[in-house]
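The values are calculated or read from the model by the stated rules, or taken from the named source; none is laboratory data. What you see is a predicted model; the values in this text were computed from it and never measured. Neighbour counts are summed over all protein chains in view; Cβ atoms, including those assigned to glycine, are modelled from backbone coordinates with ideal geometry. These accessible areas exclude ligands, DNA and RNA; they are computed on the full protein's heavy atoms, side chains included. Shrake-Rupley method; radii C 1.70, N 1.55, O 1.52, S 1.80 Å.
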Amino acid sequence: MLYREMNTAQLEAALKTNITKGLTDEEVVKRLEEHGLNELEEAEKKSALLMFFAQFKDFMMLILLAATLVSGFLGEYVDAIAIIAILVMNAIMGFVQEWKAEKSLDALKEMSTPQVQALRNGEWERISSKEVVVGDIIRFVTGDRIGADLRIIDEASLEIEESALTGESVAINKVTDPNFQVVNSIGDEHNMAFMGTMVTRGRGVGIVTATGMKTEMGQIANMLQTAGQMITPLQHKLEQLGKILIFAALILTVLVIGLGIIQGNDVYTMVLAGVSLAVAAIPEGLPAIVTVALSLGVQRMIKQRAIVRKLPAVETLGCATVICSDKTGTLTQNKMTVTALWDSGKTWTVTRKEKEWDGDFFEEGDEKAKVTKSIKQLLTFGLLCNASEMKKNNEHIFIEGSPTESAMHIAAIKAGITKEQLKEQFTIVKEFPFDSTRKMMSVIVKDAHNKHFVVTKGAPDVLIGKCSSILWDEKVEGLNKNFNEKIQAAINNLASQALRTIAIGFKSIQPPGSHIQEGEVEKGLTFIGLQGIIDPPRPEVKDAVAECKKAGIKTIMITGDHASTATAIAKQLGIITDNELVVEGRELNEMDVKELEDIVEDVAVFARVSPEHKLKIVKALQNKGHVVAMTGDGVNDAPAIKSADIGIAMGIAGTDVAKESSSLVLLDDNFATIKAAIKEGRNIYENIRKFIRYLLASNVGEILVMLFAMILGLPLPLTAIQILWVNLVTDGLPAMALGLDQPEENVMKRKPRNAKEGIFARGLGWKIVSRGFLIGGVTLIAFMTALNNNPNDLEYAQTIAFITLVLAQLIHVFDCRSEISIFSRNPFGNMYLVWAVIISLVMALIVIYYPPLQEIFGTLYIHPRDWLLVIALAALPTFLLAGSFLLRKTK
Ligand code: ATP
């Protein structure tokens, strides 16, 4: 017998499980051991060894290796071994960086493994979908990605979209009845749900029938390739730039070698020095360092509670000009409490005592607490049409469910009404769950006398349209203009106090058939009253909004809530000013994108919108040239999240589908975290600029000193090994440390970066060339002076050139920390950099002062008098630049 043909009891027996208790921990461990984790196999990864050897695959590196081997065969053992040792050290550095980058990307992937709700030991638990085993009872709601193959045993309006498996994008209505029909394709299995498919509506419960590679998905995806590591636009630009730089470095190297030979230098020495120069000067490690900087930034973002799912987002974050944020839960706390009721023209206040579910009800103008029959009715219906449940965890009692419904649940408890009592009197026959497009939820219930009725709750402006009468002082009256105005005034009154309002209606019906649709019952209702729910703003958001404003980033509130409620909260948060607009969903319906474009920059709040409207808003903003960050949590938010420049999903309230479409997930659902991520994004980009500036200026300096020496007919200022050592000492650690630099003070005080700007924008190209010239220049002067003082001691002059070059670079690195001037930053602000510079300096001094290394590197002790010259010259570029900055400032 197939699973789809079984009834619940047969399924329990076949899969050895219990649908009320689920599996026990011991059973789970046993099944995990037997069948393994619920994962699809992935293509094999590059091994560590391969990753290490890949460091040598660079063209110039190969030429240098070949040249070194030749020199080894010619008897230059010391040189050859030293060069190879340096290259290996270099490769280790490169390998460590790449390894780190890979590990942190893996960790990110691990963090985005979806969670599922499974019934274990009689309790619903959230577990990683990897730990699901056959026989587990799993429940799921709209927006969940199904984590294994399941047989559905309970459902409410359940629809699942199976395009991941079948290619068919129309969602399938799912049922629980056994299915004995001939099934031609997966799409016909209406009581089964499959791994990788997506719940687009309703909710359901299922028993797991297959996991991992045994699922339908596992069978078609025998070898699932991991999605290729994404390259960010900057990395792409750098790759292209790398090619140009290689070309330029090669031409210059050939020039150096040619000139050197013409000037009478030894061919072999020139070739080795020239190729070493090329290896040193070509920033082949740049893309890897960028990846490391990006992934270290990503790690810092995780500490701030933002998870980057797509690396390019890190860069785009720094360009964001608009943040479109959901209100509930992101700008507000999502801690909802019913504080007001409205019934038959009277407004009531609901108070809270010490305990959350203790409180009183006061009618307007009355100082004595009381609960009338009609208030009880309003609360009872609010609890009947309500999916939240009371739970007990040890001694702790809490309500599980959506915050809106939990608030209504607690309000009912305050009046002494519990779900347990209601369950004794009423049975829920059918449920049409809440969805934010309909903005309503309904249940069909029957009482002990088998009388059926519909209870609906939802956004008042929507629900009123479905009502034809009103319960006024316990009498049913026709809903006329007079009543409508009263209701409208009550809604406005509650909304202006920033309360979210829920209206409740009901009607009696005949026992319905099993295929009844919501549209058939949600009409001709009797309006009962309103509940007003407070959801206070998050305290940190006001400052975050203000900081974004200073940084040239506008915040727009997008909410399904009433316009007045939204505006009241937007005012509290500083999101809306007097001359900004509030636009409602129904107005959006009447505008096309073009019309929206005309006003979109003046809108601060979009109220009563459906998720579908978000896409229009994103498009209009993008057409106006904005870089848009858009938040979302539901299935219907996915298209907008995908098309936004930065799609942001909620970590807590967000559905799997929203998370999968997003490039950033907020672990705490908090708006302030978006601001923190933007700040970090800006900082990461600036740090990348810092080390590009440092590395390229250093390389320009290295090439120029050699080139000018050859043009001037001087001997070689640096030997091959010295050049490689300079590269090793100065390139790696200080550049990495720049990648870890803290943001400059003004990082959130300037306008967003233009997304189209090139790497060398904002004067970076000029800075690189001018610093390169200065560094090369002072090194050459040091070399020439030393040579002039001791014309016969080339080794000494080379030692002086070597240390001047290293020092000039290590001083210049502090310059690179600021776009303004070296003075604008505390030199000890980045201790990584201080340590990196100290280590690099020690590495440079070792080869000058440790006799065995002196042999190998061809260096000599430096006379104290010459140290003065070296330090003065090495500091000169920075002094000159600082001086010119001060001059400009005083002008
Ligand atoms: P956002 O998260 O975008 O700020 P929201 O969460 O306030 O919006 P929705 O959840 O779409 O928006 O709710 C829209 C409206 O639907 C609410 O203002 C409320 O009137 C009504 N509503 C919300 N939750 C429920 C529910 N569980 N049952 C019935 N009606 C609800």
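Computed values, structure above
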{"read-out": "Segment 643-728 - accessible surface per residue (Å², probe 1.4 Å)", "value": "18"}
{"read-out": "Cross-link pairs beyond the 24 Å C-alpha cut-off, checked among Lys327/Lys554; Lys594/Lys751; Lys376/Lys475; Lys391/Lys542; Lys57/Lys310", "value": "Lys594/Lys751; Lys391/Lys542; Lys57/Lys310"}
{"read-out": "Pairwise centroid distance, computed over Cα atoms, of segment 160-216 with segment 455-512, Å", "value": "39"}
{"read-out": "Segment 70-102-segment 391-452 distance, computed between alpha-carbon centres (Å)", "value": "70"}
{"read-out": "Of the trypsin sites (Lys or Arg not before Pro) in segment 293-360, those whose Cβ has at most 11 other Cβ within 10 Å and which sit in DSSP loop", "value": "Lys353, Lys355"}
{"read-out": "Enclosed volume per residue, in Å³, of the convex hull spanned by Cα atoms of segment 650-729", "value": "129"}
{"read-out": "Segment 121-161 shape via C-alpha gyration tensor axes, a/c threshold 1.5", "value": "prolate"}
{"read-out": "Accessible-area composition of the chain, carbon plus sulfur, in percent [1.4 Å probe]", "value": "58"}
{"read-out": "Proximal aspartates and glutamates to Lys446, defined as alpha-carbon separation beneath 13 angstrom and excluding residues fewer than eight positions away on the same chain", "value": "Glu424, Glu431"}
{"read-out": "Listed residue pairs exceeding 29 Å between alpha carbons, taken from Lys451/Lys481; Lys21/Lys523; Lys457/Lys486; Lys550/Lys756", "value": "Lys451/Lys481; Lys21/Lys523"}
{"read-out": "Over segment 806-891, equivalent-ellipsoid semi-axes from the Cα gyration tensor in Å", "value": "30, 16, 8"}
{"read-out": "Of all DSSP beta bridges in the chain, antiparallel share, percent nearest 5", "value": "75"}
{"read-out": "Relative contact order (%) - segment 686-818, alpha-carbon pairs under 8 angstrom, separation at least six", "value": "45"}
{"read-out": "Gained length - Ser128 relative to Ser169, 0.36 nm times residue gap less alpha-carbon distance", "value": "12.1 nm"}
{"read-out": "Relative contact order of the chain, pairs being alpha-carbon contacts under 8 Å that are 6 or more residues apart, as %", "value": "12"}
{"read-out": "Of the DSSP H helices in the chain, those whose Cα atoms cover at least 24 Å axially and whose Kyte score averages 0.0 or more", "value": "77-111, 233-262, 286-303, 671-711, 720-739, 764-789, 794-815, 831-849, 864-890"}
{"read-out": "Per residue convex hull volume, Cα atoms of segment 76-202, in Å³", "value": "188"}
{"read-out": "Span from the segment 270-328 Cα centroid across to the segment 682-740 one, whole angstrom", "value": "20"}
{"read-out": "Loop sites in segment 493-579: trypsin sites (Lys or Arg not before Pro), DSSP, at most 16 other Cβ within 10 Å", "value": "Lys523"}
{"read-out": "Heavy-atom surface of segment 315-456, accessible at 1.4 Å and reported per residue (Å²)", "value": "45"}
{"read-out": "Calculated Rg and Dmax of segment 561-647 using C-alpha coordinates, Å", "value": "12.5, 34"}
{"read-out": "Spin-label model distance (nm) - Ala48 vs Asp578, 7 Å beyond Cα toward Cβ", "value": "6.7"}
{"read-out": "Rounded if a/c under 1.5, otherwise prolate or oblate - the chain, Cα gyration tensor axes", "value": "prolate"}
{"read-out": "Helical mean residue ellipticity (222 nm; -39500 (n - 2.57) per DSSP H run of 4+; nearest 500) of the chain", "value": "-15500 deg cm²/dmol"}
{"read-out": "Distance cut-off 23 Å, percentage of C-alpha pairs in segment 307-454 lying past it", "value": "50"}
{"read-out": "Zone residues, segment 393-421, relative to Lys370, backbone N less than 12 Å from point 7 Å out along Cα-to-Cβ", "value": "none"}
{"read-out": "Whichever lysines have a C-alpha closer than 17 Å to that of Lys16, once near sequence neighbours (fewer than 8 apart) are set aside", "value": "Lys30"}
{"read-out": "Segment 747-800: trypsin sites (Lys or Arg not before Pro) in DSSP coil with no more than 12 other Cβ atoms inside 10 Å", "value": "Lys749, Lys756"}
{"read-out": "Net lengthening on full extension, Lys624/Gln115 (0.36 nm per residue, minus Cα-Cα)", "value": "179.4 nm"}
